[in-house]
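To keep things clear, I will list the structure first and then write my remarks on it.
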Amino acid sequence: MKVLVINCGSSSLKYQLLDMANTSVLAQGLVERIAITGSQLTHKYGNAKIVINQELANHAEAIKLVLGTLTGPQYGVIANLQEIGAVGHRVVHGGEKFAASVLIDAVVMQAIRACVELAPLHNPPNITGIEACQQLMPAVPQVAVFDTAFHQTMPPKAYMYGLPYALYERYKVRKYGFHGTSHKYVSNQAAAMLGKPLAQTKLITCHLGNGSSVSAVLGGKSIENSMGFTPLEGLLMGTRSGDLDPAVVTFIMDKEKLSADEVNDYLNKKSGVLGVSGVSSDFRDIEQAAANGNARAHLALEMFAYDVKKYIGAYAAVLNGVDAIVFTAGLGENSGAMRQAIVDGLDYLGVAIDQAKNNVRGQQVDISQPDASCRVLVIPTNEELMIAQDTATIVGNL
Ligand code: ADP
């Protein structure tokens, strides 16, 4: 079966077409600036890459262009849309309704819509992507894969906030956790690398990218994630503040005369390492600036590494020991300097990394010294493969 994986952001759309017979990627790409002037599709197939510049007024037009490109005579990899057996959609928030991926029908769509108020920035574009595919491929089954699903195994003592219980009952205010597809994927890979059954592993998985989160995974089940009610909680991120004293929010609203929407924007888009460094939200730029002597860039990097280290310490306590710490996503996979800074001083956990191995980029590798009792693993994430596998399984069972 060939599965199309769709990941719709507010103005972007990532896609991958996989042949599940051998899990090979037939084509993949990115549409940027949807509904903004200068829309662009970057499409990769085989070893080739092409860029198509075409104005796209909405996600339906973007998906139409993607499907046309996948089946087109010039850059196509399939003869027609009938070759696509199923579509798997990344959906950010599944609330408490979804602890696993699900075939999309009218009832599921209703439940995904009900989660919009929990993820107003993320779920609407996900819904738009599903609707566009339903319109363009009405006969093809669609599956939703949720970022929150993997974390539904968190116990109440981990996911409840110290707020009046009525807020949970009325609005489902609780911790959900995100990046679940990635944490699940790297946990499975880590167990294989450790040569242990997943059910016997204690893992701390660090997904460090533009958005970052750390999870405690016990026996293959998430029992903690640093993100919360929204993806704003937890680590300092590219542009997100992460953990704060909640009193700071009302204080800056008062001082800076900010509305609820404005303060939300402030904490989500103007904070994090961008806000601290004043340089960029991209860790490459910040590492460069720090190397050039920029003190605030250096501080932002120190704060980030310190934050991750604190979560590792907390989750080691929760797990009562750690078999491996896993690094994944853009920063975790690529920045040896950041990995080094994070694990520095974790020798009490049995961590000891090999400097030469830590220089490796973007490869699945154990960077520990041979006798280290807590392994440190770098595992490139593959959320698309997880989405495609769930989709193929669900549709294969129909
Ligand atoms: P997203 O959360 O958007 O999926 P990614 O996982 O692709 O993000 O991570 C993107 C981030 O990874 C970039 O913003 C950058 O900060 C960081 N990154 C990527 N490559 C490197 C590198 N070689 N060195 C340091 N940071 C990197």
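See the values below:
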quantity	calculated
Computed [θ] at 222 nm, deg cm²/dmol, the chain (DSSP H ≥ 4; -39,500 (n - 2.57); rounded to nearest 500)	-11500 deg cm²/dmol
Degrees between helix 123-136 axis and first principal axis of the chain (Cα, 0 to 90, nearest 10)	20 degrees
Rounded if a/c under 1.5, otherwise prolate or oblate - segment 3-138, Cα gyration tensor axes	oblate
Gyration tensor verdict on segment 77-197 (Cα atoms; rounded if a/c is under 1.5, prolate if a/b is larger than b/c, oblate otherwise)	oblate
Formal net charge of residues neighbouring E61 (Cβ-Cβ distance under 14 Å; K, R +1; D, E -1)	-1
Segment 292-318-segment 351-398 distance, computed between alpha-carbon centres (Å)	22 Å
Where a label projected 7 Å from the Cα of A21 along Cα→Cβ would reach, residues of segment 58-87 with amide N under 20 Å	70-72, 76-87
Extension gain, S10 back to D371 (0.36 nm per residue minus Cα-Cα distance, nm)	125.3 nm
Long-range HN-HN contacts of L26 with modeled amide H, under 5 Å	L17, L18, D19
Out-of-range pairs (alpha-carbon distance over 25 Å; input K49/K184; K309/K357; K270/K357; K2/K196; K97/K270; K44/K64)	K49/K184; K270/K357; K2/K196; K97/K270
Choice from A106, A139, A352 showing the highest fluctuation, given a GNM over the chain with Cα pairs closer than 10 Å	A106
Per-pair calculated FRET efficiency, R0 = 30 Å: F251 and N53 via Cβ, rounded to 0.05	0.10
Equivalent ellipsoid dimensions for the chain as semi-axes, Å, which come from the Cα gyration tensor, largest first	33, 26, 23
Tilt relative to the chain, helix 59-71 - C-alpha long axis, 0 to 90 degrees, to 10	70 degrees
Along principal axes, Cα extents of segment 197-383, largest first, whole Å	55, 38, 31
The chain - share of DSSP beta bridges that are antiparallel (%, nearest 5)	70 percent
Rounded tilt (10° steps) of 246-256 against the dominant C-alpha axis of the chain	80 degrees
Inter-site label distance for A199 and L30 at 7 Å from Cα along Cβ, in nm	4.1 nm
Residue with peak Gaussian network fluctuation, the chain [Cα springs, cutoff 10 Å], from A100, A119, A79	A79
Anisotropy class of segment 71-141 from Cα gyration tensor, a/c 1.5 cut	prolate
Most fluctuating residue given options Y168, Y45, Y266, as computed from a GNM of the chain linking Cα atoms under 10 Å	Y168
Within segment 236-268, backbone nitrogen closer than 19 Å to the virtual label 7 Å beyond the Cα of D344 toward Cβ	236
D105-K172 pseudo-label distance in nm [points 7 Å out on the Cα-to-Cβ vector]	2.0 nm
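Each value in this text was obtained by applying a stated rule to the coordinates, not by laboratory testing. Since the model is a prediction, treat every value here as computed from it, not as a measurement. All Cβ positions, glycine included, derive from the backbone under ideal geometry; neighbour counts span all protein chains shown.
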